[in-house]
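Asks: Just dropping this structure here.
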Amino acid sequence: MKNSFSNGFIVWEEREIKLRNLIADDIISEMRKAAKEINNKWEIHKIEAPILIPQIFINEDYSETDVFLTNDSFSINKKDNIKSTLALRPETTITSYMWAINLLEKNPKTILPFAVVQLGLSFRKEQDKSLKHMRLKSFYQLEFQFLYSSDSKADYLSHFRNAAEKAIKTWYSQIKREISDRLPSYSISTEDIITTDDNPMELASMSDRTDFPIDNIRNVEI
């Protein structure tokens, strides 16, 4: 990892790229295994989505001071002439979340429970800090959306939080879980996994989402 241009803009070298992919593949494998252990019907859909998205789809928790905006607009609905400025996505959550909705609304073969997983670039106007705090303008994010019936008797929230902690601990043993001090507007409950060393960093955030637009579906986001 080299700070090639200015603080927060870095270049990853080949060894680091291979390690990132190895870690991501291992965590995806462990989360898939955890899903199958509790219910063999779980399906995992791995996707890759555009990094340029209409600003209108970005969560309101992000202001324009957080997001890189372009000078171009995109037609959302040509019939009603609805347009939106294009932006670099501040998190992969946006596209994974929308794809989960698309699977349920557009594909009649989609059944619960299932998850959408994505590894991809995100972009934020992070404040300038030393690299040890890992405040990067461009960074890779691995993210899961777990969807299941709200009347399920299985405690999927606890199960997937425990599984994520176990998977991360394989690669970084000095971690702990704690209640998040930054509860997203869409979450009723959020826990973070952070490091316990001299420069603590957040490695994962795990939320029980409340805003899924289709009735009788619960959504665990990790």
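Asks: Read through the list (1) at pLDDT 95 or above; (2) surrounded by 13 or more Cβ atoms within 10 Å (Cβ to Cβ), then give the number of the only condition that L131 fails.
Replies: Of (1) at pLDDT 95 or above; (2) surrounded by 13 or more Cβ atoms within 10 Å (Cβ to Cβ), only one is false for L131: (1).
Asks: Being in a loop (DSSP other than H, G, I, E, B) and either at positive phi or in contact with a helix residue (DSSP H, G or I) (Cβ under 9 Å, 6 or more places away or on another chain) (or both), is that true of even one residue in segment 85-95? It would help to see each step written out before you state the result.
Replies: Kept after step one, since they are in a loop (DSSP other than H, G, I, E, B), are these residues of segment 85-95: 89-92.
Those still in the list that are either at positive phi or in contact with a helix residue (DSSP H, G or I) (Cβ under 9 Å, 6 or more places away or on another chain) (or both) too: 89.
Yes, that holds for at least one residue.
Asks: Yes or no: segment 96-103 includes at least one residue that is open to solvent by less than 40 Å² (accessible area, probe 1.4 Å) and of a type in the set (F, W, Y).
Replies: For segment 96-103, residues open to solvent by less than 40 Å² (accessible area, probe 1.4 Å) and of a type in the set (F, W, Y): present.
Asks: Name, by its number, the condition in (1) touching a residue at least 40 places away in the same chain (Cβ under 8 Å); (2) open to solvent by 70 Å² or more (accessible area, probe 1.4 Å); (3) farther than 21 Å from I58 by Cα that does not hold for E202.
Replies: Going through the list (1) touching a residue at least 40 places away in the same chain (Cβ under 8 Å); (2) open to solvent by 70 Å² or more (accessible area, probe 1.4 Å); (3) farther than 21 Å from I58 by Cα, E202 breaks only (1).
Asks: Between S152, S185, which is surrounded by 12 or more Cβ atoms within 10 Å (Cβ to Cβ) and either within 16 Å of the chain's Cα centre (by Cα) or not aliphatic (A, V, I, L, M) (or both)?
Replies: After ruling out the rest, the residue left standing is S152.
The values are calculated or read from the model by the stated rules, or taken from the named source; none is laboratory data. Quantities reported herein were computed from a predicted structural model and do not represent experimental measurements. All Cβ positions, even for glycine, are placed from backbone atoms using ideal geometry, and neighbour counts span all protein chains on display. Heavy atoms of the whole protein, side chains included, go into the accessibility calculation; ligands, DNA and RNA do not. Shrake-Rupley method; radii C 1.70, N 1.55, O 1.52, S 1.80 Å.
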